Amino acid sequence: MVSTRRFFGFAATLLVVGVIASGCAVASEEQGGPGADGNPVVIVQCAEDAPDCDDTVVTNAPDTATQGDTTTTEATSTTDTTATKQEMELQTVAVAFTTQDGQCDEVLTFEREIDASFDSLLAAFEGLVAGPTDQETASGSASFFSAETAAMVASVTFDQGLLVVDFEDLQSVVPNASTSCGSMALLAQLNATAFHFDSVERVRYEIEGSCDTFSNWLQRECTEYTRDGSQPAQP
């Protein structure tokens with residue numbers, strides 16, 4: 001179908017050029033054939049003594065924006081895009097959200113597929129702070145995290161088993177996390193997401209680079225959490 005439309009478009013172009021050429025009523029030079037890019041080009045060049053005739057250049061090339069030697073093709077191929085998505089290599093990460101039954105430290109874990117080229121630790125926590133999807137909510141999950149907290153992961157650092165997750169200032173966006181049950185729920189989601197990675201042995205959370213700021217927000221001391229519990233953060 002694409003080839004057919006292009007053929008008719010080219011025929012219509014030749015017809016328009018023919019009308020232009022005849023309308024000039026003077027001797028004109030007409031050229032046809034492939035241009036530098038292989039697309040058919042038609043040129044009508046008016047004689048010098050033809051004031052009512054305009055030089056015309058018509059090409060059957062795709063719609064482009066040209067500046068100097070650079071040509072940008074604005075048309076895209078849906079088929080090529082679909083093929084690229086199908087060929088994309090994926091990896092799986094997990095995010096954990098609390099349940100809707102009111103249990104402070106009970107979580108549900110959901111797997112998500114992401115591009116294999118993404119940093120898996122960063123992608124997991126970015127997915128977590130964006131909150132549960134509609135489908136995950138329908139499956140019984142709940143969370144302090146939502147669209148309001150999306151993109152609030154400042155950085156993720158991993159070194160010799162220690163994961164450090166630094167957040168933007170969440171305190172005003174998630175005020176209920178400072179309650180007893182709220183802090184348990186928040187930490188349950190964070191820790192379950194972190195320890196889904198076998199390589200993570202300890203994890204520390206910070207706000208704007210400060211473990212004390214994060215921990216004071218939850219009415220706790222700066223702590224590194226392990227799979228078996230917690231311990232004071234290493235100096």
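What follows draws every value from the coordinates through simple rules; no lab data is involved. Note that this is a predicted model, so its numbers are computed, not measured. Note: ideal-geometry Cβ built from the backbone for every residue, glycine included; neighbour counts use all protein chains shown.
Here are the numbers:
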{"item": "J(HN,Hα) series, the stretch 112-129, from Karplus relation 6.51 cos²θ - 1.76 cosθ + 1.60, nearest Hz, glycine and proline x", "result": "10, 9, 9, 4, 5, 7, 6, 5, 5, 5, 4, 5, 4, 6, 5, x, 5, 6"}
{"item": "Rg over Rh [alpha-carbon atoms, Kirkwood Rh] for the stretch 84-232", "result": "0.95"}
{"item": "Formal net charge of residues neighbouring Gln135 (Cβ-Cβ distance under 15 Å; K, R +1; D, E -1)", "result": "-3"}
{"item": "Leading residue at positive end of dipole, the stretch 84-232 (Cβ point charges), from Ser210, Cys104, Ala192", "result": "Cys104"}
{"item": "Mean shadow area of the stretch 142-206, taken as a quarter of the surface of its Cα convex hull (nm²)", "result": "4.5 nm²"}
